[in-house]
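The values are calculated or read from the model by the stated rules, or taken from the named source; none is laboratory data. Bear in mind that the values here come from a model prediction, so they are computed numbers and not experimental data. Counting neighbours? That spans all protein chains shown, and the Cβs are built from the backbone with ideal geometry, glycine included.
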Amino acid sequence: MELFPNRFTSATAALLAAVFLSASGKTPADQQGRSALPPVPVQTGFAMRKDVPVDLTAIGNVESIATIAVKAQVTGELIDVSFTEGQDVKKGDLLFTIQPRLYATQLAQAEANLARDRAQASNAKRELARQEELARKNVLLNAVCPGPTNTPMMAAVLGEGEQAVKWKDAMVRGIPLKRMGEPDDYTGIIALLASEDGKFITGQAISVSGGMNMI
């Protein structure tokens, strides 16, 4: 009769142990693994009051405060852009590079023309000085500039045959009076310059060319 109470007590203890393990959700193996984990570190700090950044995420359009139009003073092929979109630039910064070869050629030509004009100005000054010196000595200096003229030299230049006739006709078409000059066409103006009537004419280049300088 004493065996029944002992059996009841053992069964009750086993049932309570099963209920406890089921409620905790852990098996004895899990509890052994958990006890093997290292402790979790905990950090502490002082409470303080400060601003907390607020980030807003949205979709929209950004417009600049002011816009300008960049217009080049010269035209040409654009070969380089020296800034990136959104970069801050200031006065004097290089923005674009235009192909410089054409303008380098034009600059060289302009410099050559300038050198030529300076040489011509220097020659004109020397000529003026000579004219003034000759004028003080009462010496007159003039030039007679003839046009195409029928002379043995011109005939030798043109040659003979049909081609010579074509060249001569082409020259005549370029003369307003529609004829070539003759040696007698120049004697009158030369005589005038050498006479008393031409004593007040000096420093002149007189064209006797049938009007070719009028074209």
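Only one of (1) part of a loop (DSSP other than H, G, I, E, B); (2) out of contact with any helix residue (DSSP H, G or I) (no Cβ under 8 Å at 6 or more places or on another chain); (3) modelled with pLDDT under 60 is not met by A69, so which one is it?
(3)
Which of the residues spanning the range 71-91 are closer than 24 Å to Q106 by Cα and not acidic (D, E)?
Narrowing the range 71-91 to residues closer than 24 Å to Q106 by Cα: 71-81.
Matches in the range 71-91: K71, A72, Q73, V74, T75, G76, L78, I79, V81.
Name the one entry in V62, V74 that is touching a helix residue (DSSP H, G or I) at 6+ places or on another chain (Cβ under 9 Å), outside the structural domain of I206 (by TED's automatic domain parsing) and β-branched (V, I, T). Please lay out each step first, then the result.
Numbers: V62 fails: touching a helix residue (DSSP H, G or I) at 6+ places or on another chain (Cβ under 9 Å).
Every option except V74 fails the conditions.
Tell me yes or no: at least one residue of the range 112-127 is among the acidic types (D, E) and surrounded by fewer than 10 Cβ atoms within 10 Å (Cβ to Cβ).
no
Examine the range 102-110 for a residue that is outside any helix (DSSP H, G or I) and under 30 Å from M212 (Cα atoms), and state whether such a residue exists. Step through it out loud before you land on a result.
Going residue by residue through the range 102-110, those that are outside any helix (DSSP H, G or I) are none.
Checked the range 102-110: no residue is outside any helix (DSSP H, G or I) and under 30 Å from M212 (Cα atoms).
When you scan the range 136-152, do you find a residue that is modelled with pLDDT under 90 and either touching a Pro at 6+ places or on another chain (Cβ under 7 Å) or assigned to a helix (DSSP H, G or I) (or both), even just one?
Yes, the conditions are met somewhere in the range 136-152.
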